[in-house]
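Engineer: Supplied in structure tokens, the structure appears directly below.
Here, each number is a calculation from the coordinates, and none is a lab measurement. These numbers were taken from a predicted model, which means no experiment stands behind them. Virtual Cβ from ideal backbone geometry, glycine too; neighbours counted across all protein chains shown.
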Amino acid sequence: MPARLVVSLSGLTDARGDALPRARALAADLDRRGVPLTHLVQPASPEGPPSPQLLSWLRDRTRGADVLALHGYDHTPDPARRGGVGRKGEFAALPRHEAGLRLTAARRAVTGLGLATALFAAPRWLASPGTVEAVRAQGFRMCLDEAGVHLFGDGVLLRARPLGFRLEAVVSREDRTRAEAWRCRVLHGEALRIARRSGLVRIGVRAKDLHRPDRIRTVLGTVDAVLAAGAWPTTYAALSATAPAARTA
């Protein structure tokens with residue numbers, strides 16, 4: 001089986017007025033390449049619910065080839081954690097019961113927006129074991145985290161690390177230009193390496209990346225290179241357990 005390519009977009013809100021036009025532009029560029037998007041939707045936000053314009057665009061996109069995944073609830077980190085809590089994922093350390101309560105609230109909120117999905121994508125790709133159990137118990141088809149894609153119906157985990165532009169280390173102002181170039185090179189090189197090995201290429205674009213022209217050029221250039229290497233463009237919803245990367249979960 002050839003390599004597979006999945007591109008996701010997360011963090012799209014109305015906080016910045018130009019975010020939606022930039023998302024439209026990225027989606028159009030991917031459409032021309034035959035690459036669908038998986039939209040990671042956060043139903044609650046400090047800025048309030050998504051605007052009618054954003055919701056309308058998401059509905060229009062998902063009537064086509066794109067799909068939705070529930071991306072947490074409001075991204076509130078675990079209050080029990082101390083130190084660097086703002087950098088932890090909302091579901092990174094929750095036990096099963098608490099994760100289940102938050103998932104229930106998230107599903108209710110996304111349903112209230114007129115949206116629905118059977119896919120769960122952990123914020124920052126960090127899901128505790130209890131979260132994975134809660135996601136499975138609530139009837140989701142899959143859970144996306146940093147380990148890979150948990151396909152509950154097939155009982156397998158497609159092991160594939162998500163690729164993006166996030167750096168764990170704090171970078172000084174003087175090193176930002178070099179760090180940015182390094183991030184772009186790493187994403188491109190790693191994606192191409194995975195594609196050549198017939199693996200699953202997971203490219204995650206955040207809304208804040210849309211304001212970095214170098215990052216968007218890197219994403220599109222990487223998509224072109226991965227497709228040229230024979231990768232098959234798809235969405236998370238269409239993934240199956242028949243890929244070479246599949247192994248027993």
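Engineer: Given R₀ = 35 Å, what would the calculated FRET efficiency be for Ala118 paired with Asp224, taking r from the Cβ atoms and rounding to 0.05? Please list the in-between numbers first.
Structural biologist: Working: r = 31 Å, r/R0 = 0.88.
My answer for the efficiency is 0.70.
Engineer: Using just the Cα positions, wrap the chain in a convex hull and report its mean projected area in square nanometres, one decimal place. Mind showing how you got there, number by number?
Structural biologist: Values: hull surface 52.2 nm².
For the chain, the mean projected area of the Cα convex hull comes to 13.0 nm².
Engineer: If R₀ is 22 angstrom, what is the calculated FRET efficiency for the pair Leu55 and Asp31, using the beta carbon separation as r and rounding to 0.05? If you can, show how the numbers build up before the last one.
Structural biologist: Numbers: r = 20 Å, r/R0 = 0.91.
Between Leu55 and Asp31 the formula returns 0.65.
Engineer: Further question on the same structure: On the first, second and third principal axes, largest extent first, how far apart are the outermost C-alpha atoms of segment 110-191 in Å?
Structural biologist: Principal-axis extents of the Cα atoms in segment 110-191, largest first: 47, 31, 21 Å.
Engineer: If you don't mind, another one. Relative contact order for the chain: what percent, with Cα pairs under 8 Å and sequence separation of 6 or more?
Structural biologist: Values: 448 pairs, mean separation 67.7, N = 249.
Relative contact order for the chain comes out at 27 percent.
Engineer: Right, another one. Can you pull the percent of Cα pairs in segment 1-42 with separation above 16 Å? Each step should come with its number before you reach the end.
Structural biologist: Values: 366 of 861 pairs.
In whole percent, the share of Cα-Cα pairs in segment 1-42 beyond 16 Å is 43.
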